[in-house]
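The structure appears below as structure tokens.
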Amino acid sequence: MRVFGRNDTMRKPANCVLVIFGASGDLTHRKLMPALYNLYRRELMPDQFAVVGTGRTKLSDDDFRANMARAVNAHSDADCALVDRFLESVFYQPVDTKAPDDFHSLKERLTSIDETWNTEGNYLYYLSTPPSLFTNIVENLGSCGLQVEDDATGWSRLIVEKPFGTDLASARTLNRDLQRVFKESQIYRIDHYLGKETVQNLLVFRFGNGIFEPLWNRNYIDRIEVTAAESIGVGSRGGYYDQAGALRDMVQNHLLQVVGMIAMEPPSSFEADAVRNETLKVFDSIRPLDADEVAAHVVRGQYTAAKVAGEQLPGYRDEEKVSAESKTETYAAVKLHIDNWRWGGVPFYIRSGKRLPTRVTEAVIHFKQAPHHLFGQPSERCVEDNQLVLRIQPDEGILVKFNMKLPGSGFQTQAVNMDFHYSDLSNVYVPEAYERLLLDCMLGDATLYARGDAVEACWEFVQPILDAWKSNPTIKVFGYPGGTWGPREAAALYNRPGDDWRYPCKNLTDDGEYCEL
Ligand SMILES: NC(=O)c1ccc[n+]([C@@H]2O[C@H](COP(=O)([O-])OP(=O)(O)OC[C@H]3O[C@@H](n4cnc5c(N)ncnc54)[C@H](OP(=O)(O)O)[C@@H]3O)[C@@H](O)[C@H]2O)c1
């Protein structure tokens, strides 16, 4: 089993300096620095490297190292001596992104570090600040010539965190702003879902096996479901979330990227642009929704107060920093069609929600029933659909459901499972998404990063939904009790009797209110 996909021997990147904007923030503490340390531990960092954190806060190198030591110890399996050695290559430079002079000081510091550490003029800039600062940072990098790359000076790459725009217009503007300074080939838009092993494994599963691809089309597949469920509510992120909602936060990026991987045609090679050309074609083929179709194709909901496992949990509107009249959706379910030769007539159902009964992300491929029902009437559904469940998180793996005869007289059938769990592979380290993605960027491989045109294509599908919600007050927001699988109305997206979402577990409560908000 090739757990690391195409590259399990993994090359070491060329020497470089990584510059993190927003290094005192939550993402750097929880994800970026632990991921860099893990790459170091696995001997996958360049032979010569330096990490330079920046932010407005005035910190010395030693203060920053002490903070990063705490972060690495808290969020990875750290070895103290190794952490100390790793931190010898970590530095801090105060930069207020709104102060152009700070970028000149940054350039001087980077030049000095480059000379001392022999990093060959290669720079990776990571934008982990509030998105409102992205344009500003990039313009300042450009003014100092820090974006230049050529054979003489070395390479220069830019990783951009999500969210990439808040609507179609802002995503287009951000693309243009970045592309005024950096070439598209230098820009790496992160979608950490694409860094997950099981999402990458979708490509190996589809294109590395002979048995599944012949079935992977409208002739054999009835419908496809993609679910990203979270059991937690918005917690302390209410201020951000109330401006975003589930459609922007999850559907526009992560879930559509997964749809792209499931639905794409085989690429001609595994080069970044060959793969990304194919996912772009999928996004371009998604049938747009007219304003008057939105209510029938999209269900939005918001969790209400409920008692779950003996604990009284607040409704969304009672969460910290959330407006008491908020109409922001904490749940969105969308039915979409991909109008192309492979997928004509196959509906895709995608949903994401907060405060659902469990945390799970999975794609379910429902195969068509056998053409002739030998074992009962088709209307009775005594033979279940064959299903292929691709579990993305947690408990990553692949499950095939098929029917067996129950022992004894007659032909009673029962659905059984063939179940593969990544955790069954012994002695295999499954890297965190950020490890894989940071390594890929240092190696110059953009396959698992979103390209600018694809991001815009996803927004083009989502924008009419946002517009309809804004302009049409008759489109309802359905309340659902926390701990349930969301609004009951979501089941109505399936307009064929007997079809419904797959529910990986039961509702956790009978308490709380289903209502219209
Ligand atoms: N946290 C997550 O789990 C997560 C997940 C997905 C995406 N993201 C994205 O990642 C980015 C960072 O998120 P975060 O949660 O780490 O944010 P955060 O905790 O609020 O940190 C923001 C960082 O930006 C710096 N900053 C703010 N204004 C600045 C300015 N004018 N000049 C220079 N630095 C400035 C802050 O440092 P100073 O205060 O020292 O200036 C701080 O280091 C955001 O784009 C977010 O959407 C985060």
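The values are calculated or read from the model by the stated rules, or taken from the named source; none is laboratory data. Treat the numbers as computed from the prediction; the structure is a model and nothing was measured. No Cβ is skipped: glycine too gets one built from the backbone with ideal geometry, and neighbour counts run over all protein chains shown.
Quick notes
- The requirement of being part of a loop (DSSP other than H, G, I, E, B), on the phi < 0 side of the Ramachandran plot and more than 10 Å from the ligand (Cβ to nearest atom) is satisfied by Met45.
- Exactly one residue out of Ala69, Ala152 is modelled with pLDDT of 95 or more, hydrophobic (A, V, I, L, M, F, W, C) and more than 16 Å from the ligand (Cβ to nearest atom), and it is Ala69.
- Residue within the range 108-129 that is surrounded by fewer than 19 Cβ atoms within 10 Å (Cβ to Cβ) and under 29 Å from the mean Cα position of the chain (by Cα) present: no
- Residue within the range 233-241 that is over 24 Å from Ala274 (Cβ atoms) and away from the ligand (no atom under 15 Å from the Cβ) present: yes
- Restricting Ser89, Ser132, Ser128, Ser156 to those that are over 19 Å from Met442 (Cα atoms) and in the same structural domain as Arg70 (by TED's automatic domain parsing) reduces the list to Ser132.
- Scanning the range 106-137 for residues that are assigned to a helix (DSSP H, G or I) and either within 13 Å of the ligand (Cβ to nearest atom) or on the phi > 0 side of the Ramachandran plot (or both) yields Leu106, Pro131, Ser132, Leu133, Phe134, Thr135, Asn136, Ile137.
- Any hit, the range 251-267, residues being assigned to a loop (DSSP other than H, G, I, E, B), surrounded by fewer than 17 Cβ atoms within 10 Å (Cβ to Cβ) and not polar (S, T, N, Q): yes
- Residues in the range 401-408 include none that are in contact with a strand residue (DSSP E or B) (Cβ under 9 Å, 6 or more places away or on another chain) and either among the β-branched types (Val, Ile, Thr) or modelled with pLDDT of 95 or more (or both).
- For the range 158-184, the set of residues classified as loosely packed, with under 15 Cβ neighbours inside 10 Å and touching a strand residue (DSSP E or B) at 6+ places or on another chain (Cβ under 9 Å) consists of Gln179 only.
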